[in-house]
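Chemist: After the structure tokens below, expect a handful of questions from me.
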Amino acid sequence: MAAKTSQLIIASGDFWQGFFAKAGSIDVLLDDGGHTFEQQIVTCYCATQHIKDGGLLVVEDTHTSYMEDFGGPNPLSFVNYAKNIVDGINYRFSAFLKTKQSEPIISSVQFFESIVAFEIDRELANMISEHVVNAGESMSAKDFRYEDNVTITASNLMRAFRYD
């Protein structure tokens, strides 16, 4: 019963609140704690605000998002949470500013086998990407979107999505 109680404490965020009250801001956090996606999400959610700019949050054992024993596959898995952060990073593009909320702390996400790494940089995370129109040319370089007449069918394109 004690293990279940400690999992609830960690998953509730109380553990991280107490930890950061004592430790303060940190440079790197390697999460080798709970393997449920709820625990991994709470760690990410609670820890990122306490990691210094230039720092990292590395979460391992992320393959559990796909395992039935850990509640996966699930739309609320840790890997899907990390993919959602990628969406927030891409919403920095100026065309989305009025309709989407962008990620304010995490500047990039890297996926490895069983590991997801989050780079923390608040300045980079709050830079707005601006749209540039170059009509297909820029300093003698051509943008081949305007030249390519090859069309790929949806069924052929779906072959690239081979892991679903």
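Chemist: Return the residues of region 124-137 that are at pLDDT 75 or above and touching a strand residue (DSSP E or B) at 6+ places or on another chain (Cβ under 7 Å); say none if nothing qualifies.
Modeler: Leu124, Ala125, Ser129
Chemist: Right, next: Among the residues of region 11-59, write down those that are over 17 Å from Gly71 (Cβ atoms) and either β-branched (Val, Ile, Thr) or in contact with a Cys (Cβ under 8 Å, 6 or more places away or on another chain) (or both).
Modeler: Gly13, Trp16, Gln17, Phe20, Ile26, Val28, Asp31, Thr48, Ile51, Leu57, Val58
Chemist: Evaluate the following for Ala160: is it under 30 Å from Glu60 (Cβ atoms), of a type in the set (Gly, Ala, Ser) and either modelled with pLDDT of 75 or more or within 21 Å of the chain's Cα centre (by Cα) (or both)?
Modeler: Yes; evaluated as a whole, the condition is true for this residue.
Chemist: A follow-up question, please. If Pro73 meets every condition in (1) under 11 Å from the mean Cα position of the chain (by Cα); (2) in a loop (DSSP other than H, G, I, E, B) apart from one, which number is that one?
Modeler: (1)
Chemist: Next up: Taking the stated definitions as given, is Ile120 out of contact with any Phe, Trp or Tyr (no Cβ under 8 Å at 6 or more places or on another chain), of a type outside the set (Lys, Arg) and modelled with pLDDT of 95 or more?
Modeler: In short, yes.
Chemist: Which of the residues belonging to region 78-104 are assigned to a helix (DSSP H, G or I) and under 30 Å from Glu68 (Cα atoms)?
Modeler: Result: Phe78, Val79, Asn80, Tyr81, Ala82, Lys83, Asn84, Ile85, Val86, Asp87, Gly88, Ile89.
The values are calculated or read from the model by the stated rules, or taken from the named source; none is laboratory data. Everything numeric here is computed off the predicted structure, so don't read it as measured data. We place every Cβ from the backbone using ideal geometry, glycine too, and count neighbours over all the protein chains shown.
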